[in-house]
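The values are calculated or read from the model by the stated rules, or taken from the named source; none is laboratory data. Note that this is a predicted model, so its numbers are computed, not measured. Every residue, glycine among them, receives a Cβ derived from its backbone with ideal geometry; neighbour counts consider all protein chains shown. SASA here: full protein model, heavy atoms, side chains in, ligands and nucleic acids out. Shrake-Rupley method; radii C 1.70, N 1.55, O 1.52, S 1.80 Å.
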Amino acid sequence: MLGKKFSLIDVVLSVICVVFTIEAAAPASAMGNVQFFWWGFLIITFLLPYGLVVAELGTAYDSCGGLYDWVREGLGDKWGARCSWCYWVNFPLWIASLACMAPSIIHSLWGIELTLGVKIALELIFVWGVTLLAFSPVSDSEWIMNGGAIIKVFVVLVVGACGVWFACTQGFANDMSPQTFIPDFSDTKSLTYLSIILFNFMGFEVVATFAGAMKDPSHDIPRAIIVGGIAIAAIYILCGIGIGAAVPTEKLSLDSGIVDAVAAMLGTAHPLTTAVGIAFMVTLFANMTCWSFGVNQVACYAAGHGNMPKIFSLCSKRTGMPNGAAIMNGVIASGVLLLQVFLGEDSDVFWVLFSTNVVFLLMSYIPMFPAFWYLRKYDSKTKRVFRAPFEGKVLSVALILPVIELVLAIVATIVPLGMGAEELAKLPMLLSVIVLAAVGEGVRIYSKRGRMSDFPGVAKR
């Protein structure tokens, strides 16, 4: 990969920029005070083992294939292809969902009602801005990652500080009695948002795809994951406190919730509210740009093995960047946004797209944990610069528990758990996931044409 090399601080900031998905803070806060129980529980049972697994895999197998390469090495081409499809297909849906947020934020800040045509035009500018920036070498775009991370921290500090001030002077907008912090497992709506918390932890493996742009990836990757993970956990909790202090849970907007929280505390005309709104939109753009580098590299790497269509393997001769994957992101995201013409302005486009993209991203991580187990057991030749402190039964628990949590979160998000209107509203998401998963199987079979044999994975090999 061409260009200058990342320093350790650049890698840490890229972790914060990639992993801290600020747009997901409001949906997580929609759970109410019980979110803090789940933050603590999932930090221990999911984030900790996930981060340590990624740190070991990212330093032992530091190719640009990242998550896909680890799954392929452990489980073979079939599961590698499925992983790469789920990992990629979530991204154009994610870009489209975030593009839908821009008009909502403009309305929250300045009360401007935009026509559907103007909304779609703004959303397409967002999509293709991200797509064109993805043509640049990763290390030449460090200003986006560093700037995005710094701006995100600024937004969270403002939201958190204002929340503490507001709670001290005006009281909390929500009931803060002790029982509100205890999860109610019969509340299916609350359980639906668990996938958002898991989604908020995802992205550490993206940093591993930047290995070629790092000065010392074998040491920088685990350090950045540990430092970044601690910082991100603190950031999310602080952001949840700020939003919960100002906005009643039942009135929280899932797309513009952070801006609404600041506006509720300071007023829409306050300069700090405007600054947070603009900063929020900038961070969405920076976050998608950072993720695009990792997702495009994975799709390109998989296409080189015949596990994604050949168009994804097209790279720039000048920069070496996977421009084919970037263009496909832009085309698919644009097509999804244009569906609004047929669905109408009242459709809940953001939540359907965002939930579907969350499910596919979570699905892509499920095979990583068994792949890690196989690589640990059968690949003793590969040097482990960093070794996760798991052995024996502790290793089994550390790998099985995150898989169970991922599966349960996916089911709670897309499967109706009752006959109420809110539960039945999950049906479009469920149908979308089934259709796209079936398309993925077709793409996998089509992509491997001409390949004489499949790579079996480390166990069978």
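Past the 14 angstrom mark, what percentage of all C-alpha to C-alpha distances in region 11-62 do you count?
Details: 905 of 1326 pairs.
In whole percent, the long-distance tail amounts to 68.
Tell me, what ³J(HN,Hα) does each residue in region 8-22 have, in order and in whole Hz, if you take phi through Karplus 6.51 cos²θ - 1.76 cosθ + 1.60 with θ = phi - 60° and put x for Gly and Pro?
Calculated HN-Hα couplings, in order: 4, 5, 4, 5, 4, 5, 5, 4, 5, 5, 6, 7, 6, 8, 5 Hz.
Go through (1) 40, 26, 18; (2) 33, 25, 23; (3) 44, 28, 20 and flag the label whose value is the computed semi-axes √(5λ) of the Cα gyration tensor in Å for this structure.
Given (1) 40, 26, 18; (2) 33, 25, 23; (3) 44, 28, 20, the structure-derived one carries the label (2).
Just the number please: accessible area per residue for region 101-206, 1.4 Å probe, all protein chains included, in Å².
Details: 4510 Å² over 106 residues.
Accessible surface, normalised per residue, equals 43 Å².
Just to confirm a number: summing +1 for Lys and Arg and -1 for Asp and Glu over residues other than LEU338 whose beta-carbon lies under 13 angstrom from that of LEU338, what do you get?
Details: positive: LYS119; negative: GLU123.
Computed value for this residue: 0.
Give me D for region 321-447 in µm² s⁻¹, whole number, from Stokes-Einstein with Rh from the Kirkwood sum over alpha-carbon pairs, 4 °C and 1.567 mPa s.
Rounded, D is 72 µm²/s.
Starting from the coordinates of the alpha-carbon atoms of region 227-304, obtain the Kirkwood hydrodynamic radius over all distinct pairs and give the value in Å to one decimal.
On the way: mean 1/r = 0.0679 Å⁻¹.
The Cα-based Kirkwood calculation yields 14.7 Å.
For region 230-299, what's the relative contact order in percent, using C-alpha pairs closer than 8 Å and at least 6 residues apart?
Details: 26 pairs, mean separation 13.4, N = 70.
Relative CO of region 230-299 lands at 19 percent.
If amide hydrogens are placed 1.01 Å from N in the peptide plane, which non-local residues have theirs closer than 5 Å to the one on LEU417?
HN-HN under 5 Å from LEU417: empty list.
Extending each Cα 7 Å along its Cβ direction at GLU250 and MET419, get the distance between those two points in nm, one decimal.
Once both label points are built, they end up 2.5 nm from each other.
Once phi is turned into ³J(HN,Hα) by the Karplus curve 6.51 cos²θ - 1.76 cosθ + 1.60 with θ = phi - 60°, what whole-Hz value does each residue of region 146-153 show in order, with x for glycine and proline?
Here the 3J(HN,Hα) series is 5, x, x, 5, 5, 5, 4, 4 Hz.
How high is the relative contact order of the chain, in percent, with contacts defined as C-alpha pairs under 8 Å that are six or more residues apart? Walk me through the intermediate numbers first.
Values: 743 pairs, mean separation 159.6, N = 461.
This gives 35 percent for the chain.
Report the label-to-label distance for SER380 and HIS270 in nanometres (one decimal), using points 7 Å from each Cα along the Cα→Cβ vector.
With each label placed 7 Å out from Cα toward Cβ, I get 6.2 nm.
Give me the extension gain from PHE181 to VAL435: residue separation times 0.36 nm, minus the current Cα-Cα distance, reported in nm with one decimal. Write down the numbers at each step before the final one.
Working: separation 254, 0.36 × 254 = 91.44 nm, distance 3.72 nm.
Gain on stretching PHE181 to VAL435: 87.7 nm.
Can you spot the lysines whose alpha carbon is less than 27 Å from LYS78's alpha carbon? Ignore those fewer than 8 places along the same chain.
The qualifying lysines are LYS310, LYS377, LYS381, LYS383, LYS448, LYS460.
State the extension gain, in nm to one decimal, for the chain segment bounded by ALA234 and ARG318, taking 0.36 nm per residue of separation less the distance between their alpha-carbons. Please report the intermediate quantities before stating the final value.
On the way: separation 84, 0.36 × 84 = 30.24 nm, distance 4.06 nm.
So the chain would gain 26.2 nm between ALA234 and ARG318.
Which Rg and Dmax, in Å, describe the Cα atoms of region 214-368?
19.5, 54
How much length is gained on full extension from PHE172 to LEU401, taking 0.36 nm per residue of separation minus their Cα-Cα distance?
Working: separation 229, 0.36 × 229 = 82.44 nm, distance 3.49 nm.
Contour length minus Cα-Cα distance gives 79.0 nm.
Using a probe of 1.4 angstrom, how much of the accessible area of the chain is carbon and sulfur, in percent? Before the final figure, lay out the partial values.
Numbers: 12290 of 17840 Å².
In the chain, the share of accessible area belonging to carbon and sulfur is 69 percent.
Amide H neighbours of MET214 under 5 Å, at least 5 residues apart or on other chains, H built in the peptide plane: list them.
PHE6
Applying 1/(1 + (r/R0)^6) with R0 = 22 Å to the Cβ-Cβ distance of VAL341 and ILE125, what FRET efficiency is obtained, to the nearest 0.05? If you can, show how the numbers build up before the last one.
On the way: r = 17 Å, r/R0 = 0.77.
The formula returns an efficiency of 0.85 here.
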